[in-house]
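These notes concern the structure reproduced below.
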Amino acid sequence: MTKLSHSVSPYSVRRLQAVSAAQLGELAGVLKDCVDGGASVGFMHPLEREAATAFWASVASAVDRGERALLVAEDTLGICATAQLVLKLPQNQPHRADLAKVLVHRRARRQGLGAALVRAAEATARDCGKDLLVLDTVTGGDAQRLYERLGWVRAGDIPRYALMPSGEYCSTTYYYRDLGQSG
């Protein structure tokens, strides 16, 4: 496990090179909490614990294969936030990665963890030889304000792109970050 220089007291942010069974459970808890709280992150409510664990097991396999970078933030109770970089993209896109599943447990929100994870993801992307990042987020949500505050560039919106966990449509906004142009 690599320790990154980013930390928000009393939290620490680090990259996991492998995921233990205990960490799978903690990650599943973060995902379930986010979906239970109404976050549109690819899952519908109610999210069963087994489905959340299966998702993270697939992520762990991708981490093992070097296809994803997994960042976590931890507090005294364990993993409370996470972000992923999808590193394995088509052959004609070796210079970029997708930032995905930036999730913060409700117990740890409004304490700078989202920003710390995004900055750690940007640093990790550079370490992995990537100089362009892309992400999508719910239009008008808290995450959108975070990305704009951190200097991500809005590329556009797609109406009715996905469903909220409760079933209503939501629009998605795409952003990019040119790491060759940013500090």
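Can you tell me how many residues within the range 66-93 are touching a residue at least 12 places away in the same chain (Cβ under 8 Å), of a type outside the set (Val, Ile, Thr) and at negative phi?
16
Kindly indicate which of ALA120, ALA83 is within 20 Å of CYS34 (Cα to Cα), crowded, with 19+ Cβ neighbours inside 10 Å and at pLDDT 95 or above. Spell out the reasoning first.
Working: ALA120 fails: within 20 Å of CYS34 (Cα to Cα).
Exactly one of ALA120, ALA83 is within 20 Å of CYS34 (Cα to Cα), crowded, with 19+ Cβ neighbours inside 10 Å and at pLDDT 95 or above, namely ALA83.
Tell me the residue from GLY156, GLY140 that is over 14 Å from ALA73 (Cβ atoms) and part of a loop (DSSP other than H, G, I, E, B), please.
When all the criteria are applied, what remains is GLY140.
Can you give me the number of residues within the range 28-67 that are in a loop (DSSP other than H, G, I, E, B), out of contact with any helix residue (DSSP H, G or I) (no Cβ under 6 Å at 6 or more places or on another chain) and among the small types (Gly, Ala, Ser)?
5
When only residues in the range 98-111 that are in contact with a helix residue (DSSP H, G or I) (Cβ under 7 Å, 6 or more places away or on another chain) and not in a loop (DSSP other than H, G, I, E, B) count, which is farthest from LEU132 (Cα to Cα)?
Looking at residues that are in contact with a helix residue (DSSP H, G or I) (Cβ under 7 Å, 6 or more places away or on another chain) and not in a loop (DSSP other than H, G, I, E, B), I get ARG106.
Which ones in the range 159-183 are surrounded by 16 or more Cβ atoms within 10 Å (Cβ to Cβ), without any contact (Cβ under 8 Å) to a residue 60 or more places away in the chain and in a loop (DSSP other than H, G, I, E, B)?
LEU179, the sole residue that qualifies.
Looking at THR139, THR124 in this structure, which one is in contact with an Asp or Glu (Cβ under 8 Å, 6 or more places away or on another chain), closer than 28 Å to ALA28 by Cβ and of a type in the set (Ser, Thr, Tyr)?
Values: THR124 fails: in contact with an Asp or Glu (Cβ under 8 Å, 6 or more places away or on another chain).
Every option except THR139 fails the conditions.
Please determine whether any residue of the range 85-97 is in a helix (DSSP H, G or I) and more than 12 Å from the chain's Cα centre (by Cα).
Within the range 85-97, none of the residues are in a helix (DSSP H, G or I) and more than 12 Å from the chain's Cα centre (by Cα).
Evaluate the range 5-25: report whether one residue or more is more than 14 Å from the chain's Cα centre (by Cα), at pLDDT 95 or above, in a helix (DSSP H, G or I) and closer than 30 Å to CYS170 by Cα.
yes
The values are calculated or read from the model by the stated rules, or taken from the named source; none is laboratory data. No experiment lies behind these values; they were computed from the predicted model shown. Cβ sites come from the backbone with ideal geometry, for glycine too, and all protein chains shown count toward neighbours.
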